[in-house]
Amino acid sequence: MNKRLIYWGIVLMVSLYGCTSKTVENKEAQAINDSIKKYLDLANNDTITYDKRVKYNDKAYSLIDLNRNDTLTRYNLYCVSYKYYSFNKIDMLKSTADKLMNLSLKSKDSINIAKAYRNLGLFYMDSSDNEKAILFLFKAKKMFKSLNRYDYVIKVMHDIAITQYYASDFLGSNKTLVEILLLSKKTNFTEMYPLALLNIGNNLSSLKNESQAIIYFKKAYKISHKKTLKNVLNNNISNSYINLKQYDSASKYVSKNLSNKKFILDHEAYPNSLSLTALIQLKMNNHNKIKEKFYLAERYFEQFNVTNGRNYNQIYLSSYFSKVKDSINAIRAAEKALLLSKSYKNPVDIIVSLEQLIKVDKKNASTNAQEYIRISDSMQIAERNFRDKFARIAFETDEISQEKETAIKQKWIIVTIAGVIIVIIILLLIITRQRSKQKELQFQQLQQKANGEIYNLMLAQKAKEDEARQTEKKRIARELHDGIMNKLSSTRLNLAILSKKTDTETIQKCLTYINQISQIETDIRNISHDLNQDVFQEEDSFRKMIEDFVNQQNTTSKTHYELELDNDIDWNAISSEIKMNLYRIIQEASHNINKYGQAKKASISLILDAPNICMAITDNGIGFDTSVSSKGIGIQNMQARVKSLNGKFSVRSTKRDTTCVNIAIPIK
């Protein structure tokens, strides 16, 4: 009896201990799950900065016990994994997706196997391996459909549409998106509806149909309730208006984003908004702090780990440097854009980057053009292969009926023809552009030849003037020799008699010869006056030409001109083209000073700073606003002349202040 009591007592104690341990364990697990949920909620909170949201997601992941393989663990692991995708942390996305797949396969959890397939598809999509992405996404779609989870079917179809977009299959992407819209209405799952409209707009924009793209963007904006999505839509609408050259409308939409003080928390849209704002300023020729905005956008792209749009920010920055004649930084930014585009493995972006590099890097334009054609051709092949792969996967997973297969074949033929036409158009544009450049080069050569001929004519005219002067000098020399010298000799001989005779009659006769000396003085004075203008004659005809021009200005204008010429300059060694353009620039600048400057003084300085010849034209007139007046034909002509000589040109002026034109032209 006592043994029985002891036995049952032990059993009761073990039971009570087991229940108590299990209860404690359950409470601890519940506390951990509550913490995971809390951190996941914080990671989803778009009012928190990007860095903090990433840290909260990392914290949630660290709390997941991967040794447990229950439904809640797999659910939390999927949520964390998907957040890594939204944060563009693709390495962590792959790692967590693989772990989710292993746990789900062990427990035969179909829904989470499908979710793991989806996340792996997203990883390959972000890694630009579009064929693998489609393979995993179609597997996910098939499993979700078999489980009647049409909410996830629609989400995966959206992922498929984005992958098609990345593979440049814009028509195929739009077809998938239209299917999403129809299925969303049918199943009453409208969460993806605004995103589908957004991506239809993106495809239309890529197909250069910006007006229709704006319509779809605005439809998405109207029905969207997420601020982050609205920020993206504002950027997309602004970008389409920029492509339509409607810059005021573009500025209106991007300003909606930047006017929101909390907008910086939206890590993906914020740097793109900054970049678009700077681009609009560039298009409208407003360079106020534009470079700083591009650099600030670049800093946030890097800080937030945002890849979408970063390469285009560098393309816009290259355009800015090209516009301000900073070719070194223009090439550097274009090369960085190309490197980024190559790292994204997006052929469309690579082509756009190469187009910009061809514009700014004239030296390597031919090499870059060949690379452009090669990538364009390979892109057509890759696009065709992707479509074939897409059709095959769809067929193998029984997702497309016979009618749909026929429609896809027809679409493939149409798109292939369209692709061929596009390639032909691009080649024609390249050929036309090359011909235009050749004509422009020929025109420049003719202009240079004409300038040389004009200068030679001016030199010939100077030579004729010099010949006339020499003739006149010879005439005066003859006058001196035949006239004055003879008179002086005669007078000397006649007056020599005074050394022998000093009577009154002889002196009276000599007085007439003394009067002749007065006449000789007059003749000498006249000849001296004729010679006076040639006393300071320079041997260098160009130097004399500029001095004559300055003397003429001081005679005819109210402005007093001062001329400074560096004696180290060997004008005979400088080409006729450079001298001709320098002379014309001096003429144009003097005309502007006389007509608009109201200056009392002006100076023209020509200094040798090997290997350049530098010219500065300065006046103390009323000045002008360079941002407004730079469009004047006079300034443009001077800029064009300096550019044709591979020189540098700058104008520094403000209202009611000094104006200074600075020019540096290489002479070697």
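The values are calculated or read from the model by the stated rules, or taken from the named source; none is laboratory data. The shown structure was predicted, so the numbers you read here are calculated from the model rather than taken from an experiment. Here the Cβ positions follow ideal geometry from the backbone for every residue, glycine too, while neighbour counts run over all protein chains shown. Side chains included, ligands, DNA and RNA excluded: accessible areas come from the protein's heavy atoms. Shrake-Rupley method; radii C 1.70, N 1.55, O 1.52, S 1.80 Å.
Tabulated values for the structure
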quantity: 10 Å-binned pair-distance histogram of region 573-668 (Cα, whole percent); calculated: 16, 52, 27, 5
quantity: Solvent-accessible area per residue for region 224-300 (1.4 angstrom probe, square angstrom); calculated: 50
quantity: In Hz, Karplus ³J(HN,Hα) per residue of region 588-600 (6.51, -1.76, 1.60; θ = phi - 60°; x = Gly, Pro); calculated: 5, 5, 5, 4, 5, 5, 5, 7, 10, x, 6, 8, 8
quantity: FRET E, pair residue 547, residue 128, Förster distance 56 Å, beta-carbon r, rounded to 0.05; calculated: 0.25
quantity: Nitroxide proxy distance, nm - points 7 Å out along Cα→Cβ at residue 67 and residue 287; calculated: 6.6
quantity: Euclidean distance of C-alpha centroids, region 201-219 and region 413-434, integer Å; calculated: 22
quantity: Heavy-atom accessible area per residue - region 83-179, 1.4 Å, Å²; calculated: 36
quantity: Per-peptide average of other Cβ atoms within 10 Å, ordering 62-74, 287-299, 146-158, 197-209 highest first; calculated: 197-209, 146-158, 287-299, 62-74
quantity: Listed peptides 316-325, 269-278 by packing density, highest first (mean Cβ within 10 Å); calculated: 269-278, 316-325
quantity: Rounded percent of accessible protein surface that carbon and sulfur make up, region 111-169, 1.4 Å probe; calculated: 48
quantity: Residue-by-residue Karplus 3J(HN,Hα) for region 424-433, coefficients 6.51, -1.76, 1.60, Hz, glycine and proline x; calculated: 4, 4, 4, 5, 5, 5, 5, 4, 4, 5
quantity: For residue 595, solvent-accessible area (1.4 Å; no DNA, RNA or ligand), Å²; calculated: 130
quantity: Long-range HN-HN contacts of residue 621 with modeled amide H, under 5 Å; calculated: 659
quantity: Two-site FRET efficiency, residue 413 against residue 373, from Cβ-Cβ distance with R₀ of 25 Å, rounded to 0.05; calculated: 0.55
quantity: Over region 140-226, equivalent-ellipsoid semi-axes from the Cα gyration tensor in Å; calculated: 22, 16, 8
quantity: FRET E, pair residue 564, residue 504, Förster distance 51 Å, beta-carbon r, rounded to 0.05; calculated: 0.20
quantity: 20 Å reach of a label modelled at residue 190, 7 Å along Cα-to-Cβ, counting backbone N of region 225-267; calculated: 225-231, 233
quantity: Per residue solvent-accessible surface (Å²) - region 585-637, probe of 1.4 Å; calculated: 52
quantity: Volume per residue of the C-alpha convex hull in region 55-148, rounded to whole Å³; calculated: 85
quantity: Distance (nanometres) between label positions extended 7 Å along Cα→Cβ at residue 427 and residue 305; calculated: 4.4
quantity: Accessible-area value, residue 548, 1.4 Å probe, nucleic acids and ligands omitted, Å²; calculated: 50
quantity: Inter-site label distance for residue 178 and residue 438 at 7 Å from Cα along Cβ, in nm; calculated: 4.4
quantity: Approximate shape of region 296-345 as ellipsoid semi-axes (Cα gyration tensor, √5λ), whole Å, largest first; calculated: 20, 12, 7
